[in-house]
Amino acid sequence: MAVNIQTVGVVGAGQMGSGIAHVCALAGFDVLLNDVAPDRIKASLATINGNMAKQVAKKTITEDERKAGLSHIKAAEKYDDLADCDLVIETAIEKEEAKRKIFSDLCASLKPEAIIATNTSSISITRLASSTDRPERFIGIHFMNPVPLMELVEVIRGIATDDSTFEASKVFVRKLGKAIAVSEDFPAFIVNRILLPMINEAIYTLYEGVGNVEAIDMAMRLGAHHPMGPLELADFIGLDTCLSVMQVLHEGLADTKYRPCPLLVKYVEAGWLGRKTQRGFYDYRGDKPVPTR
């Protein structure tokens, strides 16, 4: 029997969790936002408020819709607060052990028919499902960043995901006004299987001295009409996330073409993770971004 999704839990109040809570609330779902750090939930609610205000300024939503949207989101500091959720979406760090721990801890608090989804960008849905008590009610719902602006969501079944979970998830995504790309459960799915090796290749192009940061980004912006150059995009995604996805591809598909560029590894080791740490392939500490090499 298909679940009628009305209340959505979001585990993780970072960039992705905030964006998912934002679009769910505007679509009329009741949203419970959870994080290990209560101050992160507060910061997330402030971010969502600010982003909705920007939408009002751009006339993509009305002030009444903003108020209604915000009234749909509540803080949930403990997993027990998610007991009434029909769907819970995990948006934690892209590390398998961290996600598995969340799922094994979370299950006890949820009603038996609740669906659990992961927003992983690369990790096996089948493997993650095995750390829950309901692999047939587990699915990948992978949103693109920034969630309020990006039109696509990848939906990925694990080997055990049943049809009712799959159908309910697709209905939910369509209610958010998003387009669905159904992907098989292979490392990094569709978007990141294509996008991340391109970014990794751009980093190799820099590493080998084929072009500097500005030349590489301008080449892809003006030569391929990409809205953002690949190195600028890597900084936006987070270099740690880029490295995690490349490692998943490299380990999962055992092909040397997915080997992470040593320069990417070095930047991550330096803690230069892109915009979120103010330094990556660009330095963001001044008035405008300056290439770091």
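Of a type outside the set (Val, Ile, Thr), surrounded by 15 or more Cβ atoms within 10 Å (Cβ to Cβ), farther than 21 Å from LEU32 by Cβ and out of contact with any helix residue (DSSP H, G or I) (no Cβ under 7 Å at 6 or more places or on another chain): which single residue out of LEU222, LEU195 fits that description? First the steps, then the outcome.
Working: LEU222 fails: surrounded by 15 or more Cβ atoms within 10 Å (Cβ to Cβ).
Result of the check over LEU222, LEU195: LEU195.
Six or more apart or on different chains, Cβ under 7 Å: which pairs go from a residue in the stretch 35-61 that's more than 26 Å from TYR79 (Cα to Cα) to one that's acidic (Asp, Glu)? Could you list them?
Between residues of the stretch 35-61 that are more than 26 Å from TYR79 (Cα to Cα) and residues that are acidic (Asp, Glu), the close pairs are VAL56/GLU63.
Name the single residue, out of those in the stretch 155-185 being touching a residue at least 40 places away in the same chain (Cβ under 8 Å) and of a type in the set (Val, Ile, Thr), that is farthest from ALA21 (Cα to Cα).
Within the stretch 155-185, the match that is farthest from ALA21 (Cα to Cα) is THR165.
What's the number of the only condition in (1) part of a loop (DSSP other than H, G, I, E, B); (2) in contact with a strand residue (DSSP E or B) (Cβ under 9 Å, 6 or more places away or on another chain); (3) without any contact (Cβ under 8 Å) to a residue 40 or more places away in the chain that ILE139 fails to meet?
So ILE139 meets the others, but not (1).
Taking ARG293, is it at pLDDT below 95 and surrounded by fewer than 21 Cβ atoms within 10 Å (Cβ to Cβ)?
Numbers: at pLDDT below 95: yes; surrounded by fewer than 21 Cβ atoms within 10 Å (Cβ to Cβ): yes.
Taking the combined requirement at face value, the residue satisfies it.
Can you tell me which of (1) out of contact with any Cys (no Cβ under 9 Å at 6 or more places or on another chain); (2) under 26 Å from LEU152 (Cα atoms); (3) touching a residue at least 60 places away in the same chain (Cβ under 8 Å) is the one ALA224 doesn't meet?
It fails just one condition, (3).
Only one residue in THR165, THR205 is of a type outside the set (A, V, I, L, M), in a helix (DSSP H, G or I) and not assigned by TED's automatic domain parsing to the domain that holds THR256. Which one? Talk me through it step by step, then tell me what you get.
On the way: THR205 fails: not assigned by TED's automatic domain parsing to the domain that holds THR256.
Every option except THR165 fails the conditions.
For the list (1) among the β-branched types (Val, Ile, Thr); (2) out of contact with any Pro (no Cβ under 8 Å at 6 or more places or on another chain); (3) in contact (Cβ under 8 Å) with a residue 12 or more places away in the chain, I need the number of the one condition that ILE216 fails.
Of everything listed in (1) among the β-branched types (Val, Ile, Thr); (2) out of contact with any Pro (no Cβ under 8 Å at 6 or more places or on another chain); (3) in contact (Cβ under 8 Å) with a residue 12 or more places away in the chain, ILE216 misses just condition (2).
Restricting the search to the stretch 204-232, which residues are in contact with a Phe, Trp or Tyr (Cβ under 8 Å, 6 or more places away or on another chain) and closer than 30 Å to GLY140 by Cα?
Correct list: MET228, LEU231, GLU232.
Condition first: within 15 Å of ILE116 (Cβ to Cβ), in a loop (DSSP other than H, G, I, E, B) and assigned by TED's automatic domain parsing to the domain that holds GLY17. Can you find one or more residues in the stretch 168-183 that meet it? Steps first, please.
Let us first name the residues in the stretch 168-183 that are within 15 Å of ILE116 (Cβ to Cβ), namely 168-169, 172.
With in a loop (DSSP other than H, G, I, E, B) added as a condition, the list becomes none.
Scanning the stretch 168-183, I find no residue that is within 15 Å of ILE116 (Cβ to Cβ), in a loop (DSSP other than H, G, I, E, B) and assigned by TED's automatic domain parsing to the domain that holds GLY17, so the answer is no.
The values are calculated or read from the model by the stated rules, or taken from the named source; none is laboratory data. The shown structure was predicted, so the numbers you read here are calculated from the model rather than taken from an experiment. Because the Cβ atoms are built from the backbone with ideal geometry, glycine has one as well, and the counts that use them run over all protein chains shown.
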